[in-house]
Structure formats: C-alpha cells, structure tokens
Amino acid sequence: MSATTAAGRRRPVNWPRVALHAGALAVLVVLLYPLAWLVATSFKPADEVLASLALLPSRLATENYGTAAEGIEGVTLLQLFGNSLTISLGAVLGNVLSCSLAAYAFARLRFTMRGPLFAFMIATIMLPHHAVLIPQYIVFNQLGMVNTFWPMVLPKFLATDAFFVFLIVQFMRGLPRELDEAAKIDGCGPFGTFVRVVLPLTRPALITTAIFTFIWTWNDFFTQLIYLFEPDKYTLTLALRTFVDTSSQSAYGPMFAMSVFALLPIVLFFLAFQRLLVEGMANSGLKG
Amino acid sequence: MANAPASTARATATTGAGEARKAAAGDAAARPGEPRRDRRSKRERQGAAWVFLSPWVLGASVLTLLPMAVSLYLSFTDYNLFDPPSWIGLRNYVQMFTEDPRLLRSVGNTLLYVLFAVPLQLALALTVAVALKSMRRGRNFYRSAFYAPSLLGASMSIALVWRAIFNDGGTVDNLLAGVGLDMGGWVNKPGWALLSVALLTVWQFGAPMVIFLAGLQQIPQDLYEAAAVDGAGRWRQFASITLPMLSPVLFFNLVLQTIQAFQVFTPAYAVSGGRGGPADSTLFYTLYLYDRGFTASHMGYASAMAWVLLVAIGIVTAVLFRTSRSWVFYANEEVR
C-alpha cells in the first residue's frame, strides 16, 4: 500500500487502477460519441455533412435550427413539442394517480383474492403489448378516438402500466406499518390514511414513476404511429419519422436539429434526477 | 420499455399469498368474540380496497383480458376493420408457417437479433459492473453516465443518428475504410444492417449494468475474505463467489432483456427505412406485424401473429425458468 512508503519518496503508480480508469474513460467516449455527433451535425452547414470528416463544423450553422423551427407539413416545431408534451403529461398524471391507488390496495389493504390478483398483475408486466394491440385499436376506433391523444393517455388512468404498480407496492411495503396504525387510532379511514400518511411518504417512488412515464411516453413511437395520422396531431417522434425514408443527406442539418430538440427534455430530466432514476432501476431487480 | 422484474416478481407473489393466508387465519380466530361493529368495519375495508383497485380492475379487464380474448378470436378470422370478421378456422396459422416466406424471414431475423444482442449486452453489462465495483473514486459518475443511453436509446432521434453513423460515408464506414476495410455503410448491406440494430441494443447496456452493480454490492465481503485466506485467486473468486451469488440477478436481467428484445421496433423501423430492408434483412417480427395489420389491413392475420409472439415469449420464459433451477442459486434458500 502507498501509505507504507517512506515519506519523501513518490507513491508507486497503481497500474491496475490506472488501467481501470482508462478503460472506463474509453467506454465513456464510445457511449457519448453518438450524442456528440448528433449535436455537432445539427450545427453543420449542408455542404459539410458529407464532405468533412471532422466532428466540429467550420462554422455554427444555426440556420438548421431555423429550418427545424418551421416544423414539417405546415405544423411548427412548437406545436409538435406541445403535442408531445400534452400526451406525456397526461400519461404522467394518469400513471401517478391510478398506479398509486392500486398499489396502496395491494400493499396495505386486505381483500379476497389478493394473492391471485397480485400474481396476475405481475404477469401482465411481461405481457407483450402486441397481444392487446389490435382489439384496443378496434375499441378506440369505435369510440371515434383514433387520431386523438386519448389512446395514449386513457389507458394510463386505468393502471395498465403494471410495472409502476409493482414499483410503488415495493416502496410502500418498506414503510413502517405503525404509521398506519397511528393514523387509524387518530380516526383516519383507509382514504385518510392513504392521502395524509402513505402518499406523502411514497413521494420518491411517485417521482420515479412520473419521470420514467414521461420519458417512455415521450420516446414512444409505435402507439403514436398507429393512432395519429394527421399532421396537426403529430408529435416530435412522428415528425422525425418523416425523415426516415429520405436518403438525401442535405436534410441532415434540420433533421438533427429537430432531434436535439426532441432529446432535450430527456437529457434535462436525466441531469436533474439521475440519482433517483439510477436507484429506481437498481431497485427494480432486487427488493422483494 | 416495459420492465419485468421476474425473479423478484415470483418471490413477492408468493409472500403476498402467504400474508393473505395469515391474515385470513387471524380473522377467523378473532371472529367469535368480536363485537358486531368491528366486523362491519372489516367489510367496509374490503369495500375500500375495491374502490382503490377499481381503475386497475377496469383496465385489466377492459384493456388487457378482454382484448386478449378478442384477438384470439380474430386470429381465426379474416378481418379488415371495415367488414365484419369472417371465420376461417386455422387458415391464418397455416398460412403463416407454410405460405409466407416473409414471415419465416422475420422470425429468423428476430431470433438472430435476440441471440446476438442479448448475450453481448449482458456480458458487457456484467464486465463493466464488476470493473466499477472495484473502483473507489468516480464510481457513481460512471454509473450515471453509462446509464444515460438506456433512457435515450429508444428514441427516434437516436435511431436516426444510428442510421446516419452506419450509412455510406458515415463514421463507421470512414473508420473501417481508414484501416483498409472499404465495405461501405452497413445499413444497405443484408446481415450488417441487422448487426447495426443489435449494436444499438448493446449501446444501452446501462440498465442491466446498474442492476448488476446493485447485486454485486449486496454480496457479503467476508465471503471474498474467506476465499482469499483459502488461497483463491481473482478468477476463482469470480467463478465461485461472484457468479453464483449474482445468478438471481443475472437470471432477472436475462428474462427481462430477452422479452424486450423480442419486441424491438423503433430502431428496426428507422434503420430499415420503415420497410425492413435491405432485402427484408431487418424485417423484424414486430415490423412485419405492423405491416400486415396496419398497412395491409389484415387484422385477422396480424392477430394470429400477435398470439404466436405471445406464445413464443411464454415458451422462452418458461424454458428460462426451467433451466434456472440448475444454475440460479438462491443464497437464503440454502442457509436459512
């Protein structure tokens, strides 16, 4: 150990440790390269995308962002952003409300069939979405909700994202039961206990639920592709989709400017809540 | 991304049932001498539970169970969304496996992708987790930074970046040309296009890595100390302590990532230009399902495809659970 070396002499270099850090840095560079490439390309003038291999553009082509702001097919970037935001916030509200209600019943209340119903809830986490896709589409079609935001938002108010029910159940099980007992002695019924005692303590799990729901809904492509087809209902994801089959690389600048815009909320959420998100992911595999 | 905490799930499902049984026994014991008012409040509590559960019950029945039954029915029909469905028996299923080469192609592509992407992603995740665990400074920084791609990777933005980087004249093309491998972009080459989608999955190794790391941190340190006293080297310690102690977490990640990999859609859509090209080499099963159901309006056929996917995922999960008995080691089962 370096502590045993005599004072004045230089500490010996810990080569394994240096190699470890060098390796970690190398992985970091490879992982972050696509993001750096994205931001750099969004600032490249049209003639440089192909011609220049340098990551950095010769000048900042901010006009790409101007083109991106005009949006596509007469729908401005602001409206696309607004549509994505409406759907995502609706989904967040739905999931936080419905999943915490169901989780409280599973974690704290007694009712017949609790065991089987809980097992069923867990099983639906693993159910592929495709198994229910077409009948759901038929139902929303009958209700006249195709090409509206409802098919993306309504299911969230019915706790269909069982993963979050499970996440909140796990968290609530960790809360001391004495608090419930105390609330009961103070005259709280199940509703009072839920609203005044349990819910405030569950806040970390609710925030984790909210952020994951936001990010997953914001990134979602499949559901939006199926349900939304008129440009004024387009989200950022659907607008970016229209670039998929253009092979012309002259569209790269505006397209990646729009991509930067689409990733911005996720990056900001990540920077603000990284601890919570990483812990939420870590705990999903262990507790219980 | 749908997450499926499988091993945990099983454990909690059984504890849940156990608690319920215990509670029921307690109820029965308390009943005789109990005042009437208390019994009524117990019934009220039952009622309250159902009020809390009602959104979930409605969602589970109307948006999960019923649609599953309906899609099973539709899979035996010819249905185009406008005319009423007409019963054709098993014809959709027969057609899938005997008359539809594109479907068989999509099954092959998806299996190839799952078999390549999942083991590679998990191996990388485990390696990085072990490396990070031995790191004293900077561990939390790297853990967060490596996790970030898992949040971004499902987006259309990153899928488009991927397509550009692996396209003709993209970074990968240039790098390979620089070392004398002038092969052009990957996205236009059958085989290589699938590999580029798989690499996007590997890029998102952060989520399983975070779970591995949390698992590693729960392994008691004295096991390693005892092994070191007995003269076990690093590799021996890894094989005899780390791997067995981590096997439940490894199993959890394996089930989770496999189920997710079967359902990959966005990157395949973007890399293949929305059509599964070149030459159907990135025609993933979900992409073909979308094409049959929502482009060609063969809803009956697409329902049959959905059920085959459901059954296939069920079988794969069951096989994983079956094999897990021989390699997943639950420490507390042996000791306590």
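Quick notes on this structure:
- Separation of the stretch A:212-241 from the stretch B:207-240 is 44 Å, based on Cα centroids.
- Distant-in-sequence amide H partners of residue B:204 (H built 1.01 Å from N, under 5 Å): none
- According to the Cα-based calculation, Rg over Rh for the protein assembly as shown is 0.99, with Rh computed by the Kirkwood formula.
- Relative exposure of B:254, B:126, B:320, judged by other C-beta atoms within 10 Å (fewest first): B:320, B:254, B:126
- A simple rule links phi to the HN-Hα coupling: the Karplus curve 6.51 cos²θ - 1.76 cosθ + 1.60 with θ = phi - 60°, which for the stretch B:54-59 gives 4, x, 5, 4, 4, x Hz, with x for Gly and Pro.
- Pair residue A:32, residue B:181: separation of 7 Å Cα→Cβ label points (nm): 2.6 nm
- Whole-Hz Karplus values for the stretch B:168-182 come out as 4, x, x, 4, 5, 4, 5, 4, 5, 4, x, 9, x, 9, 8 Hz, taken residue by residue from phi with 6.51 cos²θ - 1.76 cosθ + 1.60 and θ = phi - 60°; glycine and proline positions read x.
- Look at the stretch B:300-311: the mean tally of other chain Cβ atoms within 10 Å of its residues' Cβ atoms is 3.
- Formal net charge of residues neighbouring residue B:237 (Cβ-Cβ distance under 15 Å; K, R +1; D, E -1): 0
- Once the mean of 1/r is taken over each pair of separate Cα atoms and inverted, the stretch A:16-61 shows a Kirkwood hydrodynamic radius of 12.1 Å.
- Between the stretch A:123-157 and the stretch B:134-159, the Cα center-to-center distance that results, in Å: 31 Å
- Principal semi-axes of the equivalent ellipsoid, √(5λ) from the alpha carbon gyration tensor of the stretch B:100-335, are 37, 24, 14 Å from largest down.
- As a proxy for reagent exposure, ranking A:125, A:185 by other Cβ atoms within 10 Å from fewest up yields A:185, A:125.
- Local electrostatic count, residue A:79, Cβ distance below 14 Å [Lys/Arg +1, Asp/Glu -1]: -3
- Semi-axes of the equivalent ellipsoid for the stretch B:98-138, computed as √(5λ) from the eigenvalues of its C-alpha gyration tensor and ordered from largest down, come to 39, 6, 4 Å.
- Across the stretch B:240-336, Cα-Cα distances exceeding 21 Å account for 50% of all pairs.
- Paramagnetic reach from residue A:199 in the stretch A:96-120 [backbone N under 18 Å; point 7 Å along Cα→Cβ]: A:96-109
- Using only Cα coordinates, the Kirkwood hydrodynamic radius of chain A works out to 22.8 Å.
- Under Karplus coefficients 6.51, -1.76 and 1.60, residue-wise ³J(HN,Hα) of the stretch A:57-65 in Hz, glycine/proline x: x, 5, 9, 7, 8, 5, 4, 4, 5
- If you take the alpha carbon atoms of the stretch A:1-145 and fit the smallest convex hull around them, that volume is 342 Å³ per residue.
- R0 of 60 Å, Cβ-Cβ distance residue A:21-residue A:191: FRET efficiency to nearest 0.05: 0.65
- Taking the number of Cβ atoms within 10 Å of each Cβ as an exposure proxy, the fewest-first ranking of A:129, B:298 is A:129, B:298.
- Interchain or long-range residues, amide H under 5 Å from residue A:71's placed H: A:77
- Spin-label model distance (nm) - residue A:86 vs residue A:184, 7 Å beyond Cα toward Cβ: 4.6 nm
- Where the Cα pairs of the stretch B:82-196 fall when distances are cut into 10 Å bins, in %: 11, 23, 29, 22, 10, 5, 1
- Whole-angstrom gap from the stretch A:51-100 to the stretch B:76-93, using each part's C-alpha centre: 40 Å
Values quoted throughout were computed directly from the atomic coordinates according to the rules given, and no laboratory measurement underlies them. Fair warning: this is a prediction, and the values are worked out from it, not measured in the lab. Using ideal geometry, Cβ is built from the backbone for each residue, glycine included, and neighbour counts are taken over all protein chains shown.
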